[in-house]
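Just below is one structure, and these are the notes that go with it.
The values are calculated or read from the model by the stated rules, or taken from the named source; none is laboratory data. Everything quoted here is computed from the prediction, not taken from an experiment. Reconstructed Cβ throughout: ideal geometry from the backbone, glycine too, with neighbour counts over all protein chains shown. Surface areas here come from the heavy atoms of the whole protein model, side chains and all, with no ligands, DNA or RNA. Shrake-Rupley method; radii C 1.70, N 1.55, O 1.52, S 1.80 Å.
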Amino acid sequence: MLMWKEKLIKYDAIVAQCKRFERKGKTVPYTSANGHMFSLFNKDCEIGFRFSKEVQEKYIKEFDSSIYKSHNAIMKGYVLIPERMWNDVEQLVVYLNESYDYVMSLPSK
């Protein structure tokens, strides 16, 4: 099992491949655009990406995963990215860009 710093490096490597946005947050790393967060690295070293309800349900099944939680709160629209998927950075970049496109389709905050 990877340690916090090693896991954060993995999250940062995924975000670094996406040129349309940057990672934010010092203690709780995240990405946001259009006034909406769309990825999060929580205190439990878990990564979550945000999607529409339909896509969330699809990916939970496809990834054999679950709804994402952070600080014991259910994060609406987020999918827990299983750690077994973290080494496929190329595919995770596709999912993260899809998440970005989703929040850009929402009304801005």
How much length would be gained if the chain were fully extended between R20 and E62, taking 0.36 nm per residue of separation minus their Cα-Cα distance, in nm to one decimal?
12.5 nm
Roughly how many Å² is the accessible area per residue of the chain, as a whole number, for a 1.4 Å probe?
60 Å²
Distance (nanometres) between label positions extended 7 Å along Cα→Cβ at M85 and E98
0.8 nm
Apportionment of accessible area to carbon and sulfur, the range 1-88, percent (1.4 Å)
53 percent
Would you tally the net charge around D44, using a Cβ to Cβ cut-off of less than 12 Å, leaving D44 out, and scoring K and R as +1, D and E as -1?
+1
Potential lengthening between D12 and K109 on full extension [0.36 nm per residue; Cα-Cα distance subtracted]:
32.4 nm
Starting from 0 in steps of 5 Å, tell me what percent of the Cα-Cα pairs of the range 23-109 lands in each bin.
3, 15, 27, 29, 19, 6, 1
